[in-house]
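> Sharing a structure here in structure tokens format.
The values are calculated or read from the model by the stated rules, or taken from the named source; none is laboratory data. Bear in mind that the values here come from a model prediction, so they are computed numbers and not experimental data. Ideal geometry is used to build each Cβ from the backbone, glycine not excepted, and the neighbour counts take in all protein chains shown. Note: areas computed on protein heavy atoms with side chains; ligands, DNA, RNA excluded. Shrake-Rupley method; radii C 1.70, N 1.55, O 1.52, S 1.80 Å.
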Amino acid sequence: MRPLDWLVLVATLVFIVSYGLYRSRGSNTVDRYLLAGKTMPWYAMALSIMATQASAITFISTTGQSYVDGMRFVQFYFGLPIAMVIICATVVPVFHRAKVYTAYEYLEQRFDSKTRALASVIFLLQRGLSAGLTIYAPAIVLSVVAV
């Protein structure tokens, strides 16, 4: 990377952290920090959920998939916004009524602590494997581009 690349990278990181600190001022309770004081509109929740589903693999794999196989797979992505609206309209109100912060907390309330622990372990294993692939796949692409 050249000095200008490093400058852009550092400036972007500083901006993101600064903006996060600026926006989080006044979030002095767990409810305000984790749930935005329950004032977040449904469409913002839907966009937030969709954004967390996107990674570098999404951008790399979708372009590669469309090159190899055509654009047939895009129909799957057209359904995602509809699914997010349905999730926000059905699941989120259940969590609000139950006064929980996470799905795992809800599982513990609904069933027991063993169910919460099992779901948490499965999620952590899945996310650990996913994080490794999410880092490894773009690294392969970048190693070919950088050479």
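> Which residue fluctuates the most in the chain, going by a Gaussian network model with Cα springs under 10 Å, if the choices are G20, G128, G64?
Result for the chain, Cα springs under 10 Å: G20 fluctuates most.
> If I compute solvent accessible area with a 1.4 Å probe over the protein chains, what percent of it on the chain is carbon and sulfur? Walk me through the numbers on the way to the answer.
Values: 8250 of 11700 Å².
Summing carbon and sulfur atoms, their accessible area is 70 percent of the total for the chain.
> What is the sum of charges, Lys and Arg at +1 and Asp and Glu at -1, for the other residues whose Cβ falls under 13 Å from the Cβ of P93? Let's see the in-between values first.
Details: positive: K38, R97, K99; negative: none.
After counting each charged neighbour, the total is +3.
> Using a 10 Å cut-off on Cβ atoms, rank the peptides 132-141, 80-89 from the highest mean neighbour count down. Display every interim value, and only then the final one.
Numbers: 132-141: 12.4, 80-89: 14.0.
For the peptides 132-141, 80-89, the packing ranking is 80-89, 132-141.
> Given an 8 Å cut-off on Cα distances and at least 6 residues of separation, report the relative contact order of the chain as a percent. Please report the intermediate quantities before stating the final value.
Values: 50 pairs, mean separation 29.1, N = 147.
For the chain, the relative contact order is 20 percent.
> Hey, another quick one. What's the magnitude of the charge dipole for the stretch 10-147 around its Cα centre, counting Lys and Arg as +1 and Asp and Glu as -1 at the beta-carbon? Answer in Debye, nearest 20. List each step's numbers first, then the result.
On the way: 11 positive and 5 negative charges, 77 e Å.
It comes to approximately 380 debye.
> For the chain, what is the mean residue ellipticity at 222 nm derived from helices alone (per DSSP H run of n ≥ 4: -39500 (n - 2.57); sum divided by total residues; nearest 500 deg cm²/dmol)?
Details: 7 runs with 121 residues, N = 147.
It comes out at -27500 deg cm²/dmol, rounded to the nearest 500.
> Something else: Given a Förster distance of 30 Å, report the FRET efficiency between V10 and D31 from their Cβ-Cβ distance, rounded to the nearest 0.05.
Details: r = 34 Å, r/R0 = 1.13.
With a Förster radius of 30 Å, E is 0.30.
> Let me ask you something else. Taking trypsin sites (Lys or Arg not before Pro) as exposed when DSSP calls them loop (any state but H, G, I, E, B) and at most 13 other Cβ atoms lie within 10 Å, what is the longest stretch of the chain free of them, the sites themselves excluded? Each step should come with its number before you reach the end.
Details: sites that count: R25, R72, K99.
Here the longest run is 100-147.
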